[in-house]
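The values are calculated or read from the model by the stated rules, or taken from the named source; none is laboratory data. Since we're looking at a predicted model, the values are computed, not measured. Virtual Cβ from ideal backbone geometry, glycine too; neighbours counted across all protein chains shown.
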């Protein structure tokens, strides 16, 4: 009887160890136009790491096609659960994760179709930038708001760090 209890406990511990996803180190990488054309809109996620007192509103992906003088903005507005593959936040910081809404998916698909229908556009001819949009920031952080943005564009590749820095919101 005691042996069964030990085996059951060991089996439960092993199962728990197998189902826990260890945090993976993030890679530094920029989003490219090829990513925008290849990504599955249902997978796209953006995570913002900042002070716990800050409330983020969205993450915006901006596509700029200089040859056509066109600018497209795709907003990730839907808050979703924090992915266990993201690294643990330092004390006083938290992850806020966003996905595309149904409208955002439609926008992304439309933008891709528009860009693809133009005269051949090389992937490197489209500039891609990503930014976080704060909704609420305490006054003491306006001059130096710490922000780190991670993106998930493909589940196989995992999360990667897009940018990190300190923003001055007084301007």
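Quick look at the numbers
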quantity: Residue that is modelled with the highest pLDDT [pool: residues in the range 115-129 that are buried (at least 17 other Cβ atoms within 10 Å of the Cβ) and closer than 27 Å to residue 164 by Cα]; calculated: 128
quantity: Condition check for residue 30: touching a residue at least 60 places away in the same chain (Cβ under 8 Å), outside any strand (DSSP E or B) and closer than 15 Å to residue 148 by Cα; calculated: yes
quantity: Considering residues of the range 130-171 that are at pLDDT 90 or above and outside any strand (DSSP E or B) only, the residue nearest to residue 100 (Cα to Cα); calculated: 137
quantity: Meets criteria (modelled with pLDDT of 85 or more, in a helix (DSSP H, G or I) and more than 17 Å from residue 158 (Cα to Cα)) for residue 62; calculated: no
quantity: Elements of type strands (runs of 3 or more DSSP E) in the range 68-114, at least 2 residues being touching a helix residue (DSSP H, G or I) at 6+ places or on another chain (Cβ under 7 Å) and surrounded by 14 or more Cβ atoms within 10 Å (Cβ to Cβ); calculated: 70-76
